[in-house]
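The values are calculated or read from the model by the stated rules, or taken from the named source; none is laboratory data. What you see is a predicted model, and the numbers here were worked out from it, not measured in a lab. Positions of Cβ are backbone-derived with ideal geometry, glycine not excepted, and every protein chain shown enters the neighbour counts.
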Amino acid sequence: MKIHPTINPNMVRKYLPKNTEELIHWYERYLAPLALIAGFLLDTFFFLERVDVMSGNLLLLSYLVIAALMILLLQAIETGRLPYRPFLAIAPFVPVVIQFAFGGLFSGYLSLYSRSASFAITWIFVALIAALLLGNERFRTRYVKFPFQVSVLFTALLSFLIFFIPVLLNAIGNLIFVLSGIVGLLVITAFLYFVRMLMPEVIKRDKVVILRSIASIFVVFNILYFSNAIPPLPLALKDAGVYHGLTRLGDKYQLITEVAPWYKKYLPITPVFHRTGGESAYVFSAVFAPTGLSTTISHEWQRYDEVQEEWVTLSTQKFPIRGGRDGGYRGYTIKNDLKPGDWRVNVMTEYGQIVGRISFEVVEVAQSVPLETITQ
């Protein structure tokens, strides 16, 4: 007779979680990064292709609402306002949902803001958004603390409003940014007032910390905006470059450019404009704007002065743009008296915000380099 070995219950217990909470705790280290990557790809390629697409904005707005509701729910459970078994059972999962909502928000913001302007100009704000996104996985224990919840919620709210309000009003500028900040303050004040009505001890306990956090975040956003560190959404630079010639044929532009290996445009190498015979340089740009928004874009031509060791503005040329075109509204400016050296052209709004930048080096040559024509 064959005797089966006795199964040790402790050995089985080792491989089976005792409840759903433990199951999530075991595998969240694997699921969180996968969910983060999936959410980022989903936001980037399906929902957030354009800043004025309502489905994408509704997705971000739903994340904000979910985060706010989960914060209220968690505080209601912790203060004993909901002493019922079903709520106590789901309490461990609420911070996970808050984490998911903020992860979705910051992945969406990273997708939008990183595509809206030159990284060399706005890297500080983009880096902050990326840090919030990447750090989101490590913030789970902090999401049970109300001041931290409010701080992240207010940051996410302002990041949303500073491009959503311009889309709603079909207008951009300093006053619109200030209006977005005021709306953000009103919304977070209403949220805190609601919490105070339901759970006054929560506000009383952390009032000073919360007010300091909100004030600090508000000031930082204004400093970043007025120092051009925040990308000027909803505008976005779709394409830009320096060319040897340009012709408009109907709704197409034919651009004469230097022949270069395909991989060069993917490398952080400053392009060289080989000038011969006193030819002019054409800077072409395509700036996306939401449907219904009309504004003015300027090309600020600057040359680096090696004696003064600073960039000197030589000319500024303006032209109007209209929103709605996926590839951006196209325009160009011309510079005739080019001297050898380092040049850059800032693509700017009428309020002085830098949408993007084209940098290049001018080199005088005796014979023309090989050229080709591309169509935009």
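Some notes on this structure:
- Of the residues in region 296-308, none is at pLDDT below 90 and aromatic (Phe, Trp, Tyr).
- Within region 262-294, tally of residues that are β-branched (Val, Ile, Thr) and assigned to a loop (DSSP other than H, G, I, E, B): 4
- Checklist (1) touching a strand residue (DSSP E or B) at 6+ places or on another chain (Cβ under 9 Å); (2) at pLDDT 85 or above applied to THR270, failing item: (2)
- For region 295-341, the tally of residues that are hydrophobic (A, V, I, L, M, F, W, C) and either buried (at least 18 other Cβ atoms within 10 Å of the Cβ) or not in a strand (DSSP E or B) (or both) stands at 5.
- When each of VAL208, VAL183 is tested for being surrounded by fewer than 17 Cβ atoms within 10 Å (Cβ to Cβ) and touching a helix residue (DSSP H, G or I) at 6+ places or on another chain (Cβ under 6 Å), the lone residue that passes is VAL183.
- Scanning region 248-262 for residues that are surrounded by fewer than 17 Cβ atoms within 10 Å (Cβ to Cβ), touching a strand residue (DSSP E or B) at 6+ places or on another chain (Cβ under 6 Å) and under 19 Å from ARG275 (Cβ atoms) gives ILE256, VAL259.
- Those residues of region 342-375 which are under 15 Å from PRO271 (Cα atoms) and buried (at least 17 other Cβ atoms within 10 Å of the Cβ), in sequence order: TRP343, ARG344, VAL345, ARG357, ILE358, PHE360, VAL362
- Check on VAL369, part of a strand (DSSP E or B) and in the same structural domain as THR295 (by TED's automatic domain parsing): no
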